[in-house]
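Take a look at the structure set out below.
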Amino acid sequence: MKKLFSLFLAVALVGCILSFAGAALAADKIGVSMPTQSLQRWNQDGANMKSLLEAAGYEVDLQFGGNNEVPVQVSQLENMISGGCKVLVVAAIDGSSLTTVLADAKAQGIQVIAYDRLIMNTDAVSYYATFDNFRVGVLQGTFIRDQLKLDSASGPFNIELFTGDPGDNNIIFFFDGALSILKPYIDSGKLVVKSGQVERAQAATPNWSTESAQTRMENLITSQGYGPNGTKLDAVLSSNDSVANGITNALVGAGYTAANFPLLTGQDCDVTSMKNILAGTQSMSIFKDTRTLAAQVVTMVDAIMKGSAPEINDTKTYDNGTGVIPSFLCEPVFCTKDNYRALLIDSGYYTEAQLTQ
Ligand code: BGC
């Protein structure tokens, strides 16, 4: 009986020690808020962030804002704040809609990292990590300039312009970056935007929606008479792949084939777009390795949690209305059917089968 009692005591003691140790070792929780699951890239970003943060010893609350639904993202952030998250990593659906909820985060000492898209009009954002968004546009504009040989060919060439969601601060950089290359040729008349829709607001695509882009391209085809047997369309600037997919659908619907397809840019190297690039119904995309961005943000989170200064490489570009946010910019690269293998397959981003099946 005595033996049994001491065994019971020992077990109770070990249990106690383990639960104390468990409490002491309880992982810090990090909130990761992504805009939507409807686009391939945000699924990848979310999954990469979760697995890298967990590997670094953190608990992760990963949420997607429905289908780009701002109120859903706001309530998910409220839950992360009340649920004890120590750092919030946020890719905003609408950069200007998080001021109130992030004021709560700040009041509770929770630090916020803006992920990929800058969050505007809030002093709660400590850091911003993204790709060099202006450079994305420059790469797209340069591709069109070089392919059309705008410096030597006589032209004129017809082009139409598409960018993304007006609530996404990135489109200012994507569009302005591309126009920094193309505008001199538009001004000189070598590039002609027949629709006259040259302003960013006119070129915008709500929610980066494939369907909206398709409808706008169909309307342009009708109103300008573009077609393989009609008015020649030489190029379409698209800021990303989901928009490019809609443009491709409209152009294919109008009878264009790989043999006479207008130049068409994109961004993200989504599987659908890579298949289009291989089939000749999109010309290029921009590769932004989401693994690199996620890894960089995890080092930022870790530095914040350990009280040290995260690595940044830009302190002048991104003013969110309350001042410049210290940023880390990753390098985007352009991708075509000529270099996709080295960029995407050899690096393990995709298997060849994913792009050919
Ligand atoms: C991202 C792009 C993405 C787009 C649509 C932008 O903010 O930078 O990579 O294609 O949103 O989700």
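Rule-based calculations on the coordinates, nothing more; no lab input. Predicted, not measured: the structure shown is a model, and the values here were computed from it. Cβ sites come from the backbone with ideal geometry, for glycine too, and all protein chains shown count toward neighbours.
The table below lists the values:
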item	result
DSSP-defined antiparallel bridges as percent of all bridges, the chain, nearest 5	15
Gain on full stretching of the segment that runs from Gln197 to Lys275 - 0.36 nm per residue minus C-alpha separation	25.2 nm
Proximal lysines relative to Lys232, as straight alpha-carbon distance under 17 Å, when same-chain residues fewer than 8 apart are discounted	Lys149, Lys190, Lys194
In sequence order, calculated HN-Hα J values of region 180-190 (Karplus, 6.51, -1.76, 1.60; Hz; x Gly/Pro)	4, 8, 8, 4, x, 6, 5, 4, 7, x, 6
Angle in degrees between helix 2-25 and the longest Cα principal axis of the chain, rounded to the nearest 10	30
In sequence order, calculated HN-Hα J values of region 32-48 (Karplus, 6.51, -1.76, 1.60; Hz; x Gly/Pro)	10, 10, 10, x, 6, 9, 7, 10, 3, 4, 6, 5, 5, 4, x, 5, 4
Listed residues Gln140, Thr231, Ser285: farthest to the positive end of the dipole of region 133-288 (Cβ charges)	Thr231
Helix axis angle, 210-224 relative to the chain longest principal axis, alpha carbon, degrees	10
Whole-Å distance, taken between Cα centres, linking region 170-238 and region 301-325	35
Net charge of Cβ neighbours under 14 Å - reference Leu263; Lys, Arg +1; Asp, Glu -1	+1
Shape of region 173-281, Cα gyration tensor, a/c cut at 1.5	rounded
For region 38-80 and region 243-268, distance of Cα centres in Å	32
R0 of 45 Å, Cβ-Cβ distance Ala153-Asp123: FRET efficiency to nearest 0.05	0.35
Rough spin-label spacing in nm, given labels placed 7 Å along Cα→Cβ, for Ile172 and Gln108	3.0
Vicinal HN-Hα couplings computed from phi for region 86-99 (Karplus, 6.51 cos²θ - 1.76 cosθ + 1.60; Hz; Gly/Pro x)	8, 9, 10, 10, 10, 9, 6, 6, 10, x, 10, 10, 10, 4
Asn169 long-range amide H proximity, modeled H, under 5 Å	Gly95, Leu118
Net charge contributed by nearby residues that have their C-beta within less than 10 Å of Asp176 (K/R +1, D/E -1)	+2
Charge dipole of the chain about the Cα centre (unit charges at C-beta), most positive-ward option of Ser308, Phe162, Ile325	Ser308
Long-range amide H partners of Phe328 with built H, under 5 Å	Tyr128, Ala129, Thr130, Asn313
Length added when fully stretched, Ala353-Ala295, from 0.36 nm per residue minus Cα-Cα	18.3 nm
Helix-only mean residue ellipticity at 222 nm for the chain, each DSSP H run of n ≥ 4 adding -39500 (n - 2.57), per residue, nearest 500	-14500 deg cm²/dmol
FRET efficiency estimate (nearest 0.05) - Cβ-Cβ, Ser188 to Lys316, R0 35 angstrom	0.65
Extension reserve of the Met305-Glu331 stretch, reckoned as 0.36 nm per residue once the Cα distance is removed	6.8 nm
Residue order, fewest to most beta carbons within 10 Å, for Glu352, Glu218	Glu352, Glu218
Anchor Lys29: lysines whose Cα lies under 26 Å away (excluding residues fewer than 8 positions away in-chain)	Lys50, Lys86, Lys106, Lys306
0 to 90° range, to nearest 10: angle between helix 290-306 axis and the chain longest Cα axis	40
Cut-off under 5 Å, modelled amide H: who pairs with Leu62 long-range	Val32
Among Asn339, Gln357, Cys85 the positive-end extreme of the charge dipole of the chain (Cβ point charges)	Gln357
Cβ charges +1 (Lys, Arg) and -1 (Asp, Glu), total dipole of region 133-288, debye	340
Segments 106-117, 195-206, 276-287, 126-137 sorted - mean Cβ within 10 Å per residue, highest first	126-137, 276-287, 106-117, 195-206
